[in-house]
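Some notes on the structure that comes next.
Rule-based calculations on the coordinates, nothing more; no lab input. Note that the structure is predicted; figures quoted are calculated from it, not measured. Glycine also receives a Cβ, built like all others from the backbone with ideal geometry; neighbour counts cover every protein chain displayed.
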Amino acid sequence: MSTMALPYREPLVPRDPGDRQIPEPPRRGEPGGPPCAICAGKTTSAVWSDDNWTLHAPVQGSLPGAVWLASRIHVDSFADLPEELAADFGRVAARVERAILALGDVARVHLYRWGDGGAHFHVWFLPRPLGMLEASGMALPIWEDVLPNVTDEELAAAAKRVASMM
Ligand SMILES: [Zn+2]
């Protein structure tokens, strides 16, 4: 982790967090919030699926090979998954990881489950480019945000290559 670096020049100036917003605004797919985009089919269509999961390409991203995996059922987080699905997540996550690594030029696959945007279980799989040590650990999603986006077509094509190796 010692080589990790943020994609900004120094000096960064620390700042204090703002006032807390309690209660927090409802998320997509939660009571009082906007409809669930995943259930409504308003996301990229699945590049791969089985009885429990669907796999999707991102849009407006900078890392070809990035994908997100969603449960077919609308539940919020790990704590809400039926035990059978929670166990099956390990199986499918390993398959996604192997498929992304098979793209080549990937050092490691990072998993992120944020849950702050939508209340439908989904986990991000981001490929850390081989040799890009400054994007180690928590720096990768920040680099992903700052690097120039590639086209959505390129992201979709890479996700389909991942799907073909599932
Ligand atoms: Zn949903």
Q.
Please report the net charge: other residues with Cβ closer than 13 Å to the Cβ of Leu155, K and R +1, D and E -1.
A. -2
Q.
Place a point 7 Å from the Cα of Thr3 along the Cα-to-Cβ direction; which residues of region 134-154 have their backbone N under 13 Å from it?
A. 134-137
Q) Which order do Tyr112, Tyr8 fall in if you start with the one that has the fewest other Cβ atoms within 10 Å? A) Tyr8, Tyr112
Q) Each residue of region 144-158 in turn: what ³J(HN,Hα) in whole Hz from Karplus with 6.51, -1.76, 1.60 and θ = phi - 60°, glycine and Pro shown as x? A) 4, 6, 8, 4, x, 5, 8, 6, 4, 5, 5, 4, 5, 5, 5
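Assigning unit charges at the beta carbon (Lys, Arg +1; Asp, Glu -1) and nothing else, what dipole magnitude in debye, to the nearest 20, does the chain show about its Cα centre? Before the final figure, lay out the partial values.
Details: 15 positive and 21 negative charges, 57 e Å.
Dipole about the Cα centre, nearest 20: 280 debye.
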(Q) Going by amide H atoms built from the backbone, whose H comes under 5 Å of the H on Glu30, apart from near neighbours? (A) Ala119
Q.
For Leu12, project a label point 7 Å along Cα to C-beta. Then give me every residue of region 57-76 with its amide nitrogen under 20 Å of that point.
A. 62-63
Q: Pull up all non-local amide H partners of Arg108: gap of 5 or more, or a different chain, and H-to-H distance under 5 Å with H placed in the peptide plane.
A: Arg128
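Give, rounded to the nearest 20 debye, the magnitude of the charge dipole that region 1-43 has about its Cα centre when Lys and Arg contribute +1 at Cβ and Asp and Glu contribute -1 at Cβ.
The dipole magnitude comes to about 200 debye.
Using alpha-carbon pairs under 8 Å, 6+ residues apart, how would you state the relative contact order of the chain in percent? Write out the running numbers ahead of the final one.
Numbers: 263 pairs, mean separation 53.1, N = 166.
Dividing the mean separation by the residue count of the chain yields 32 percent.
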**Q.** Gaussian network model of the chain, springs between alpha carbon atoms under 10 Å - residue of Glu83, Glu97, Glu30 with greatest fluctuation
**A.** Glu83
Q: Please name which of Ser62, Gly104, Ala156 has its Cα lying farthest along the dipole of region 46-164 towards the positive end, using unit charges on Cβ (Lys, Arg +1; Asp, Glu -1) and the Cα centre as origin.
A: Gly104
Q | Amide H contacts under 5 Å for Gly61, placed H, 5+ residues apart | A | Val150
